[in-house]
Amino acid sequence: MESWKTPEIRAAEEALEEALLKADEAIAEADQFSASLPDTSLSQEQIQQIEQLVREGKAPPEIRALQERIDAGELSWDDIANGRALRDEGVKNAFALVVSDMQRAKDLIDEGHSLDDIIDADPHRAPQGFDDDDDYPPDSMLQR
C-alpha cells in the first residue's frame, strides 16, 4: 500500500520520526529538570506587600510606572511574579536597574567587601547624615 512512496519520502518520514523522538526526549528532560527546581512563586500576601511598598513610594520610578500599568489593567503583579510578563519591554526595563544594582552588590560581596562598604557604594543611597530609612531615596535597594 505504500508503494507509491519514493525513497525521498521514506527518508523524510524516517527523519521526521527521529526528530519527533528527540523532541519527546527533550520535553521529558525539560519536565524532569523543571520538577527538580524549587518553587519560587510569590504568595498573594507577598504580592500585596510589594504593591503596598510601591504605592507608598518605596520603589524606583520604573517600578511605579509598572504599578500605573497594573492599575490601568494592562497586566498584574501576578503576571510579573509568575513570569508571564517577562517579554514585556516595560517589565524588562523596570527591573533592569534592580538587576544591575544586585549584580553590583554581588560583585562587591564576591570581592570580600563588608556590608557597610556595599551599602555605602549604593549609587542611589541618600547622602551622609541621613539616619532614618524614610530619608533614603525610593530607588535605594541597599538600606541599613
Selected residue (only one of 66, 42 is part of a loop (DSSP other than H, G, I, E, B) and under 18 Å from the mean Cα position of the chain (by Cα)): 42
Flag if residue 48 is among the polar types (S, T, N, Q) and either touching a Ser or Thr at 6+ places or on another chain (Cβ under 9 Å) or assigned by the TED database to the domain that holds residue 79 (or both): yes
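Do we have residue 133 as modelled with pLDDT under 85, out of contact with any strand residue (DSSP E or B) (no Cβ under 6 Å at 6 or more places or on another chain) and at negative phi here?
Details: modelled with pLDDT under 85: yes; out of contact with any strand residue (DSSP E or B) (no Cβ under 6 Å at 6 or more places or on another chain): yes; at negative phi: yes.
Criteria met by residue 133.
Within the range 72-105, restricting attention to residues that are in a helix (DSSP H, G or I) and charged (D, E, K, R), which residue is modelled with the lowest pLDDT? Before the answer, list the steps.
So the first thing to find is which residues in the range 72-105 are in a helix (DSSP H, G or I), and the list is 77-81, 89-105.
Next cut, charged (D, E, K, R) only: 78-79, 89, 92, 101, 104.
Working: 78: 85, 79: 88, 89: 90, 92: 90, 101: 78, 104: 82.
Only one residue tops the list, namely 101.
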Could you please tell me which pairs satisfy a Cβ distance under 8 Å, a separation of 6+ or placement on different chains, a first residue in the range 13-32 that is at negative phi, and a second residue that is modelled with pLDDT under 95 and not in a helix (DSSP H, G or I)? 13/5
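Keeping to the range 50-63, report how many residues are in a loop (DSSP other than H, G, I, E, B) and surrounded by 14 or more Cβ atoms within 10 Å (Cβ to Cβ).
Kept after step one, since they are in a loop (DSSP other than H, G, I, E, B), are these residues of the range 50-63: 56-60.
Now narrow it down to the ones that are surrounded by 14 or more Cβ atoms within 10 Å (Cβ to Cβ): 58-60.
Result for the range 50-63: 3.
Limited to the range 69-83, what total is found for residues that are surrounded by fewer than 14 Cβ atoms within 10 Å (Cβ to Cβ) and within 12 Å of the chain's Cα centre (by Cα)?
Keep residues of the range 69-83 that are surrounded by fewer than 14 Cβ atoms within 10 Å (Cβ to Cβ), which gives 71-74, 83.
Checking the rest, the ones that are also within 12 Å of the chain's Cα centre (by Cα) come to 83.
Total meeting the criteria: 1.
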All-but-one check, residue 51 against (1) free of Cβ contacts under 8 Å to residues at least 24 places away in the same chain; (2) under 19 Å from the mean Cα position of the chain (by Cα), failing number (1)
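The values are calculated or read from the model by the stated rules, or taken from the named source; none is laboratory data. Bear in mind the structure is a predicted one, so any value in this text is a computation, not a measurement. Cβ atoms come from the backbone with ideal geometry, glycine included; neighbour counts cover every protein chain shown.
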